[in-house]
Amino acid sequence: MMNHVREYWEYKGVSLRWLARKVGCCASTISAIEREKCVPGVYLALRIAKALGTTVESLWEGEL
């Protein structure tokens, strides 16, 4: 599963830790999602997308 989480937070100029705090999880969870070591649940995916000002579909383009 290809995702664009890292690309989005880097483009937005925020840190991985900022994103993790914003969505209510730890930085290692976001890192694992970026590296495709885990798949977020619907609630977390929606929170990540909202924090980054985008949609779940954009973050996981072509994977849904």
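Which one of these is modelled with pLDDT under 95 and assigned to a helix (DSSP H, G or I): Glu57, Glu63? Steps first, please.
Working: Glu63 fails: assigned to a helix (DSSP H, G or I).
Of Glu57, Glu63, the one residue that is modelled with pLDDT under 95 and assigned to a helix (DSSP H, G or I) is Glu57.
Quick check on this structure: which one of Cys38, Cys25 is outside any helix (DSSP H, G or I), hydrophobic (A, V, I, L, M, F, W, C) and at pLDDT below 95?
Details: Cys25 fails: at pLDDT below 95.
So the residue among Cys38, Cys25 that is outside any helix (DSSP H, G or I), hydrophobic (A, V, I, L, M, F, W, C) and at pLDDT below 95 is Cys38.
Can you confirm whether Ala32 is touching a Ser or Thr at 6+ places or on another chain (Cβ under 9 Å) and assigned to a helix (DSSP H, G or I)? Steps first, please.
Working: touching a Ser or Thr at 6+ places or on another chain (Cβ under 9 Å): no; assigned to a helix (DSSP H, G or I): yes.
Considered against the rule, which asks whether it is touching a Ser or Thr at 6+ places or on another chain (Cβ under 9 Å) and assigned to a helix (DSSP H, G or I), Ala32 comes out as no.
Could you grab me the full set of residues in region 30-50 that are in contact (Cβ under 8 Å) with a residue 12 or more places away in the chain, surrounded by fewer than 17 Cβ atoms within 10 Å (Cβ to Cβ) and more than 17 Å from Glu61 (Cα to Cα)?
Result: Ser31, single match.
Out of all the residues in region 1-19, which are modelled with pLDDT of 95 or more, over 16 Å from Leu44 (Cβ atoms) and of a type in the set (A, V, I, L, M)?
Passing the criteria: only Val14.
The values are calculated or read from the model by the stated rules, or taken from the named source; none is laboratory data. Since we're looking at a predicted model, the values are computed, not measured. Glycine gets a Cβ as well: all are built from the backbone with ideal geometry, and neighbour counts include every protein chain shown.
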